[in-house]
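Enquirer: Shown below is the structure under consideration.
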């Protein structure tokens, strides 16, 4: 698309067929149909080669090549929910790594403006969006639920990439903590086990330079045994095969064997080729984002106060608490970060997380009236507070190329439903007009 305009061409979309990556909009294939066929001698035919890796994994994959289904059940919205009561190999490895890391201790609790400063919040995001989110993307029967989980999965890795770029070596300080061990185990599982199931265009951990350096550094510090390396897919088993539950591991652009690269310690940042640029080039939307006007920042601050009210009213419902937490950390905190101004890479990652979370809520509301049942809960009302500001216009915080509320029919319906309910309650609270009723005088009849 950019090449067309850079060279002065006029696009003819009716003659084009293109396939783009849903992750970072990379162009995978493009064909252009010419109305008048060329003579046979001028036609160049290219033989199509089958990909070296397997087709994307999904519910309709042949049973003989599908891995063993993890313990879990689909919820009412078609998303796969893994059973957290059964020990998982990824989480078990994270616990062992945390014990092996010298001086491993969870960082002290602190809250940041981006909503991921608290280590408790960070652990919840790693477990919900990366660990459980990966299984939801791989095993959800509903395609919309699978896509929404994958988008949040990638957006969370984008935000963690920017966090490591800001903090340095580890997530919350100069020493590795329990959250670092968990993130390392998840990155290892994704790159060498889950990635073939995410599709042909799924990015590798090496596509996030800071996450890639972080994971390789912790692999050296973790000192995994030979059995643990075999279970992770890094070393061959006694029969010479590798653990590949979701299929052969695709190659990484610019890197040979991914397993060999994982085992090579390096403290240098990898330069991704071609570089990722999800923004629009030569426009303000791909550069540093200036602070929003003071009145817009005050709007977002008041929004945060209104959402925090619903968070304080939670009564032990885990699903409700997670949904309200997602509204606060992924929607409200993202708007706060954008309103205060952000660097180019940071604002792109934050915007991606904001709209990925909206898409996740949209996928749920497409199958149900409210987020967690037949009645509106705290999460629905907290989300409606964000949608009210979204509908009123955030054009000085978000960019003109971003989606609007009408692009999310389920969210728009929820906002209209709760707004009408709130307006009806306000009308009933006023009641009939107070005061003494005026007596009507009946006119006298004349003969």
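Computed from the coordinates by the stated procedures, all read-outs in this text should not be read as laboratory data. Just so we're clear, the structure is a prediction, and the values are computed from it rather than from any experiment. With ideal geometry, Cβ positions are generated from the backbone for all residues, glycine too; neighbour counts draw on all protein chains shown.
Enquirer: Quote the relative contact order of region 298-391 in percent (integer), defining contacts as alpha-carbon pairs under 8 Å separated by 6+ residues. Spell out each step's value before the answer.
Expert: Working: 71 pairs, mean separation 36.4, N = 94.
Across region 298-391, relative contact order equals 39 percent.
Enquirer: With each pseudo-label sitting 7 Å past Cα toward Cβ, what's the residue 268-residue 306 distance in nm, one decimal?
Expert: Placing both labels 7 Å beyond Cα along the Cβ direction yields 5.2 nm.
Enquirer: Name the shape class, rounded, prolate or oblate, that the alpha-carbon gyration tensor gives for region 189-271, where a ≥ b ≥ c are the square roots of its eigenvalues, rounded holds for a/c under 1.5, and otherwise prolate holds if a/b is larger than b/c and oblate otherwise. Write down the numbers at each step before the final one.
Expert: Values: a/c = 1.91, a/b = 1.11, b/c = 1.72.
Judged from the Cα gyration tensor, region 189-271 comes out oblate (a/c at least 1.5, b/c at or above a/b).
Enquirer: If you take the square roots of the eigenvalues of the alpha-carbon gyration tensor of region 110-250 and sort them as a ≥ b ≥ c, do you get rounded (a/c under 1.5), prolate (a/b over b/c) or oblate? Could the numbers behind the result be given before it?
Expert: Numbers: a/c = 2.04, a/b = 1.19, b/c = 1.73.
Verdict is oblate for region 110-250.
Enquirer: Suppose the chain between residue 395 and residue 83 were pulled fully straight at 0.36 nm per residue; how much longer would it get relative to their current alpha carbon spacing? Can you show the working numbers first?
Expert: Values: separation 312, 0.36 × 312 = 112.32 nm, distance 4.12 nm.
Difference between extended and current length: 108.2 nm.
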